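Heads up, the thing below is written out as structure tokens.
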Amino acid sequence: MKTFILSVFMAFSGISMMAQTPVELKFNLEKGKVYTIKNISKQSLQQTVNGQSYTLDIYSNNVVSYKVLQQENDIMDIEFKFDTIESKISSPMFNKETNSAKSGSNDPTEKIMNKMSTYKIIAKISTAGKFIDFINFGKFKDSVMFVFDSIPDTKKDMARKVADALLKESTVKSMIEPFFAYLPDKAVKIGDTWETSYFNVANNLSMVVLNSYALKGIENNMATISGQSDMESMPSNDPSAQTLQEIKGSSTFDSKMDVSTGLILKNTSKGHYEGGIKVKNNNSEVKIAMDSQSEITMTK
């Protein structure tokens with residue numbers, strides 16, 4: 001009996017010691033190995049204009065592959081390729097689908113997206129998940145812009161607007177940074193919490209994203225992490241902007257992390273966002289009320 005009690009005591013002591021042992025979570029990626037991230041988002045967006053309500057169902061599928069070219073101290077040079085940029089919008093009034101895989105498309109948006117998926121962009125990212133800078137952004141953008149040679153003159157104005165939105169450095173950064181900005185600044189133990197933040201830029205909408213994380217447990221070199229993201233739109237500094245958005249919301253998520261590499265192997269989140277859009281048209285202004293429910297799954 002004494003032996004059994006002692007064994008139970010030692011077992012509980014071992015669990016307690018494991019819970020109190022700090023672990024350093026950082027990226028330890030193999031040079032030259034190709035890693036892939038698949039991010040699927042489903043969103044149900046209800047809009048109300050002049051008292052009339054309708055629902056948009058928005059599906060997006062983004063696949064990004066990357067590999068470490070070199071690492072010096074704690075800074076990695078990582079080469080990224082946007083393998084797939086796909087979205088589908090369904091509503092009672094219209095349906096719209098764009099896919100970067102359509103190389104022969106006549107749609108200017110798909111032409112630009114296809115070129116974005118053709119060329120590779122290199123960024124410096126720390127092993128702590130901090131985005132530092134692009135190395136070849138200018139060359140990447142110039143390569144994509146060659147697509148204008150194949151766009152008819154009648155569609156060039158629309159294509160320029162699309163290119164201005166998709167090829168802003170802040171927009172491309174927002175396509176990469178969230179995949180890495182989740183690691184703590186110091187070693188953590190089970191029960192500890194930490195925070196990260198970044199800006200998410202898409203088209204005319206800029207959002208500040210504040211994330212809070214909690215380490216729930218570690219078993220077989222797999223960490224369980226949960227948390228919440230709070231997002232709020234930022235006011236536009238452009239006085240000529242035709243669209244102004246005031247949106248805020250939050251999402252909760254659960255993640256599985258490989259402790260040996262620092263990679264999130266799977267992340268699922270559910271969120272709710274609401275607010276409004278003001279659209280200026282000459283001397284008039286249209287207000288659109290929004291309410292959105294979303295589900296996102298990311299796998300590596």
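Choose one answer from Asn28, Asn106, Asn73: the residue with the largest mean-square fluctuation in a GNM of the chain with alpha-carbon springs under 10 Å. So, out of Asn28, Asn106, Asn73, the one fluctuating most is Asn73. Would you please state which residues of segment 112-131 a label at Lys102 would reach in this model, taking the label point 7 Å out along Cα→Cβ and a backbone N cut-off of under 12 Å? Under 12 Å, as judged by backbone N against the label point of Lys102, lie 112-114 of segment 112-131. Axis angle, to the nearest 10 degrees, between helix 2-20 and the longest C-alpha principal axis of the chain: 30 degrees. Here each label is just a point 7 Å from Cα along the line to Cβ, and for Glu195 and Asn221 those points are 3.4 nm apart.
For every helix of n ≥ 4 consecutive DSSP H residues, a contribution of -39,500 (n - 2.57) applies; sum these over the chain, divide by its total residues, and give [θ] at 222 nm rounded to the nearest 500 deg cm²/dmol. One gets -5500 deg cm²/dmol as the mean residue ellipticity at 222 nm. Have a look at Lys248, Lys102, Lys38 and tell me which one the Gaussian network model of the chain (Cα, springs below 10 Å) gives the largest fluctuation. Per the Cα network of the chain with a 10 Å cutoff, Lys102 tops the list.
In this label model, Leu205 and Lys270 are separated by 2.1 nm, measuring between points 7 Å along each Cα→Cβ vector.
Going down the table (Lys31/Lys256; Lys120/Lys287; Lys38/Lys280; Lys26/Lys248; Lys161/Lys287), which pairs top 32 Å between alpha carbons? Over 32 Å apart, Cα to Cα: Lys120/Lys287; Lys38/Lys280. The residues packed around Tyr59, meaning those with a beta-carbon under 14 Å from its beta-carbon, carry a net charge of 0 if Lys and Arg are +1 and Asp and Glu are -1. Other residues within the sphere of radius under 15 Å centred on the Cβ of Tyr182, judged by their own Cβ, net out at -1 (K and R +1, D and E -1). Quick check: net charge around Ile75, other residues with Cβ under 14 Å of its Cβ, Lys/Arg +1 and Asp/Glu -1? The answer is 0. Cα centroids of segment 160-213 and segment 118-149: 16 Å apart. Within the straight-line cut-off of under 16 Å between alpha carbons, the aspartates and glutamates reachable from Lys102 are Asp83, Glu86, Glu110, sequence neighbours fewer than 8 places apart in one chain being disregarded.
With contacts taken as Cα pairs under 8 Å and at least 6 residues apart, segment 87-167 reaches a relative contact order of 23 percent. Of all the options Glu285, Glu86, Glu110, the one that moves most in a Gaussian network model of the chain with Cα springs shorter than 10 angstrom is Glu285.
Computed from the coordinates by the stated procedures, all read-outs in this text should not be read as laboratory data. Bear in mind that the values here come from a model prediction, so they are computed numbers and not experimental data. Using ideal geometry, Cβ is built from the backbone for each residue, glycine included, and neighbour counts are taken over all protein chains shown.
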